[in-house]
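Here's the structure, in C-alpha cells; my notes come after.
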Amino acid sequence: MLWTSFDTWIVVLGALSAMACALLGNFLVLRRMSMMGDAISHAVLPGLAVAFLVTDSRASLPMFVGAVIVGIITALLVQFLSRFGKVDEGASMGVVFTTLFALGLILIRRAADQVDLDVNCVLYGDLNYAAAAMVRIGPFRVPEAAVILGIVLTINLLFVVLFFKELRISSFDPELATTQGFNAGALHYVLMTLVAVTAVASFDVIGNILVVAMMVAPAAAAHLLTDRLGSMVVVSLIIAAISAAIGHVGATIVPQYLGFSGTSSAGAMAAATGLIFIAAVLFGPRRGVTSRMWHRLQLSLRIAQEDLLSGLYRQEERGVAKVPASGAPSLTQWLVRRRLLQQEAIERVDGHFALTPRGRKVASRLLRSHRLWETYLVDQAALRADQTHKTAEQLEHLTDAALQQRLALDIATPTHDPQGKMIPPE
Amino acid sequence: MILSHLLFSSLGQITTDLLLRVLFLDDYNTRVVVLGVMVLGLAGGVVGGYMLLRKHALLGDALSHSTLPGIAAAFMVMASFGGSGKSLPGLLLGATITGSAGVGCVMLIRRYTRLKEDAALGIVLSVFFGFGIVLMGFVQRMKAGSAAGIETFIYGKTAAMLASDAQLIALVALICVGLCALLYKELKILSFDPAYTATQGWPVLLLDGLMMAMVIGVTVVGLQAVGLILVIAMLIIPAASARFWTHRLGRMLVLSAVIGALSGWMGASISALLPRMPAGAIIVMVAAGAFVISLFFGQQRGVVARWVRYVQLQRQVGLQNLLRTCFELVETRQLQHDEDGHPRIPFNMLLEAKSWSPRYLRRLLKRADHDELLNTLPQAVIELTDTGMVEARRQAREHRLWELYLITHADIAASHVDRGADMIEHVLGTEMVLQLEKLLEQQSHPVVPATPHRI
C-alpha cells in the first residue's frame, strides 16, 4: 500500500487529539483522577442526543456545546456525590457515567426514526471520515477536524503554560495551594471543563475509549520515566504523537504482511500507547523493572565476589588448601570467578585459586570491617560473641573507609576481635 | 420537554392485557428475560457490595472493557478452525481469559510501579479495548462467516436472551451467592481490614482472588445480557444505593441484591411493555432511580438523614451554649431573683454576652422556653426554671472540667482553652465527665469549678 496524504492526515489528526488529551492527562494522573476522563467521555452521549433533537441537525457546534455541558455536569455530579453523598469516589463516577450513558442510549433508541445518530461514532470515532472532510483555509485544504483539534490543543497548551505553577502546587499538595491564596477548586473546574472540551473534540475522530487511553497512558508512562513535572509533560506529548504514528502504521501496513486488509487505526493507536507504557514499565531508566533487577543483580554479584575474596583470605590465614578450580561451579560462582580473574584479584595456581596482592588488599579491608563490626557489636551493643557473625557478614559489604575509621575509633582501635582473631591493619 | 416526550410518549399504548401478560410473565420470552436479568441483578448486587467496600468499585469498568479482545480473538480462533465462530461458550471463555488478564494487569501495575489504582484502571481498560477494536477490525473483514453477532456484547441484547443464557446466568449467580454465604465471615473481615486479615492467618491472596473470580464471572455472563458498559452499572449502582441505608454488611448485601433484582425485573418489564426501549439501559435507569431515592432518604447515610442529625446537633449545641452563658451571668452579675431564688436575666444582657444575632437568640430562647428550661417574662426578661438551673450548672461544669483538663494534661495555655472546650463539651458523655472528675480530683459533686480564664 502506498502512503498518501490521506494517511498523513490520519496520523496528524490522531497526533493532535492524542497530544491534546495527554497534556491534560498529566494532571489527571497526578491528581489520581484518571478515570474522570473515562466518565466524562462516556457520559456525553445524552448531551449529543439532546443537542441533535433540539437543533434537528448534525451541525457540529450545537452538538459540541451539548456534549461539553453534559461533560461538566458529570464532573459536578461526581463531586456532589462524593462530597455530600459520602459515596466512594470511584463508585460515584461509576454511578454517574453509566446512568448518563444509559440515558443517552434510550434517547437515541427512542428517537431512532428522527435521529441518524450512531452510538458507534461515540465509541469508535471515524478517523477516515474526519481525514476526508476537508475545509479550505487560505491556500490550503485541511481537514476540518484538524483545525478544531489544533485550536483545542492550543487552548490546552496555553492553560498549562499560563497556570503551570498553580497546576503543579495543586496537583501535589492541594492544601498548600489553598494556603498560597489561589482557588484550587476553581482550577479543578477549569481543568474538568477542558477535559470535557478535549474529549468531545476528540471522540468523533478517535473514539472515546482512545480518548481515555491518550489521557492516561502517555502521562502514566512519562510519570515512570521522569521525576520533574515539566519534563513529564514534554515526554507525554512525545509519546502521544509517536503512538499515533505507530498506531496508523501498525493498523494499515503491518496487517498486510499477515494477510489481512488493515484494521481500525484508532484502536491500534490505543494499543500503541499500551505498548509504550509496557516498555516504560519494563525498561524505564530508574524505576523500570529491568533496571531495578539489574541493580539487584549487580549488588548480589558484588557481595558474592567479596565473599569469595574474604573466604580465600580466611583460608590463607588458616594455611589450608585453596579453593579448587575444577568441578562445575554454579552460574553465579562462574561469573564471580570470571570477573575476579579479569580484575586480577585472584589467580589460578596449579588448579587452585589464590589471592593476588591486589585481591589480598581488598580482602583484608573487608575482613577488617567484618571483625571491627563484631568487636563493636560485642562492646557497644552487648551482643554475645557468637551472635555477631551474621550481622557483621551483612554490614561488611556496606562499610566504606570513613565508616571503618569511625568504627575503629569508637572501639579504641583493637587488634583482635572477640573470637581472638587478628583484625587486619589498614 | 422533548426529553419527557421521548421517554414517555408511548405510555398510552400499554393495554391492560399487555400489562397483565408482562406482570405475570405469561410470554415465554418475557419470562426468560425477566428471570435472567433479575438473577443477574441479584448476583451483581452481592458481589458489587464487596467490591464497593474494598474500594474497587471501578474495577468492573476495566474488567468489562478488557473482555473485548478475548471475544474477538476467540471468534477468530474458532472461525479459522472451521467453526461458526459464534459458539457462546468459546466467546465467553475468551472474554474470561482477557478479562482476568486485565484484572491481573491492574494488580501488577499497582504493585510494581508508582502509579495508583486510577491510572492502572484507565490504562488497562483503554488499551485492552483498543486491542479489542483492532481485532474486531480483523474479524469484520474476515471471509469466514459473518461476525454480526459479536457487536451485541458491547450493547447487550437483553430482549433476545435465550433460556440457555438465563440458565448460565443463574448458575454463575448461584455459585457467587453460595460462595458469599459460605465465606461470609472471611470476606467481611477482608473488606474492612485486609492487613488485619493477613495477620490473623487468613489466605488474603486466595480470598482476594476468589472475589475477583466472582466479579469476572458476573461481568462475563452479564456482558451478553446488558452489554459491556452497562454491566458496570449492575456491579456499582445497587451496592452504592444499599450503602446509604445501613452500616451492617449483611443487611447491606441483602438490600443490594434486592435492589439489583428489582431493577432487573422492572427494567425488563418496562422494556417489554414499551416499544423501542433498550432493556439494558432501562434497567440501569431504574437502578439509578433507586440510587437517587437512597441518596436522599437512606436511613443511615442519606443526605436527609444526615442533615436532620446535623440540625439536631446544632440545636443541642445552641441550647447548651445558652444555658452555660446564663450560668456565667448568674455567677458574675448582680441579678434579680424571684421569691424562689430563680434568677432573672434581661434579654439585652444575654445579647451582649455572646456574638448572637437578636433573631438567633430569640429563636434559642423560644426553644428553651418550649423545653421548660426557662420562662419568658414581659419586658424582655427571662427567668430560669429549676431544670434550667440544674442544666445550666451542669453545662458550665462540664465546660470548665474540660478546660481544666486541657490546661493540666494537654499543656494548653489558659487563654486558649475556651474554644477547644467549646467544641468538645457538647459531646462529652457522663462517663467521660466522671473520668475527668477523677483525673482532676474534683470529687465534690455539685460544685462548679471556678473558670480558669476571664469570662
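We did not get these values from a lab; they are worked out from the coordinates using the rules stated. Here the structure is a predicted model, which means the values were calculated and not measured. Positions of Cβ are backbone-derived with ideal geometry, glycine not excepted, and every protein chain shown enters the neighbour counts.
Worth pointing out:
- The long axis of helix B:117-140 is offset from the longest Cα principal axis of chain B by roughly 20 degrees.
- Packing around the peptides A:199-205, A:181-187, A:363-369, B:116-122, taken as the average count of other Cβ atoms within 10 Å per residue, puts them in this order, highest first: A:199-205, B:116-122, A:363-369, A:181-187.
- Where the Cα pairs of the stretch B:305-409 fall when distances are cut into 10 Å bins, in %: 14, 46, 29, 10, 1
- Value of Rg/Rh across the protein assembly as shown [Cα atoms, Kirkwood radius]: 1.09
- The magnitude of the dipole of the stretch A:5-285, with charges of +1 and -1 set on the Cβ of Lys/Arg and Asp/Glu and taken from the Cα centre, is near 300 debye.
- With Rh defined as the Kirkwood radius, the inverse of the mean 1/r over Cα pairs, the Rg/Rh of the stretch B:263-355 is 1.52.
- Using just its DSSP H runs of length 4 or more, each adding -39500 (n - 2.57), chain B gives a mean residue ellipticity at 222 nm of -23500 deg cm²/dmol after division by all residues.
- Dipole of the stretch B:14-301, positive direction: furthest Cα of B:L168, B:A290, B:A242, with charges on the beta-carbon: B:A242
- Along its principal axes, the stretch B:177-332 has C-alpha extents of 77, 52, 21 angstrom, given from the largest down.
- Helix content alone sets the calculated 222 nm mean residue ellipticity of chain A: runs of n ≥ 4 DSSP H residues at -39500 (n - 2.57) each, divided across all residues, give -24000 deg cm²/dmol.
- The convex hull defined by the C-alpha atoms of chain B has an orientation-averaged projected area of 33.5 nm².
- Alpha-carbon Rg with Dmax, taken over the stretch A:202-264, Å: 14.1, 44
- Placing +1 on the Cβ of every Lys and Arg and -1 on the Cβ of every Asp and Glu, with no other charges, gives the protein assembly as shown a dipole of roughly 1580 debye about its Cα centre.
- The stretch A:217-306: trypsin sites (Lys or Arg not before Pro) falling in loop per DSSP and having at most 13 other Cβ within 10 Å: A:R228, A:R286
- Selection among A:S5, A:L395, A:G71 by position relative to the dipole of chain A gives A:L395 as farthest towards the positive end (Cβ unit charges, Cα centre).
- In units of the rule-of-thumb radius 2.2 N^0.38 Å, the stretch A:135-195 shows an alpha carbon radius of gyration of 1.56.
- Principal-axis analysis of the Cα atoms of chain A puts helix A:89-110 at an angle of about 30° to the longest axis.
- Rounded if a/c under 1.5, otherwise prolate or oblate - the stretch A:5-285, Cα gyration tensor axes: oblate
- When the Cα positions of B:M212, B:Y112, B:A268 are compared along the charge dipole of the stretch B:14-301, B:Y112 comes out farthest toward the positive end, with charges on each C-beta of Lys, Arg, Asp and Glu.
- With a Cα cut-off of under 26 Å and a minimum spacing of 8 residues unless on different chains, the lysine pairs in chain A number 6.
- Karplus-derived 3J(HN,Hα), 6.51/-1.76/1.60, for each residue of the stretch B:62-74, Hz, glycine and proline x: 4, 4, 5, 5, 7, 7, 4, x, x, 5, 5, 5, 4
- Only Lys, Arg (+1) and Asp, Glu (-1) charged, at Cβ; the stretch A:288-426 dipole about Cα centre in debye: 440 debye
- Axis of helix A:208-225 versus longest Cα principal axis of chain A: the two differ by about 20°, to the nearest ten degrees.
- Straightening the chain between A:T179 and A:R318 buys 43.2 nm, computed as 0.36 nm per residue apart minus the Cα-Cα spacing.
- Restricting the stretch B:202-287 to trypsin sites (Lys or Arg not before Pro) that sit in a DSSP loop and have at most 16 other Cβ atoms within 10 Å of their own Cβ leaves B:R248, B:R276.
- Divided by 2.2 N^0.38 Å, where N counts the residues, the Cα radius of gyration of the stretch A:288-426 comes to 1.13.
- Summarising the amide proton neighbourhood of A:F353: residues at separation of 5 or more, or on other chains, whose placed amide H is nearer than 5 Å comprise A:V323, A:A325.
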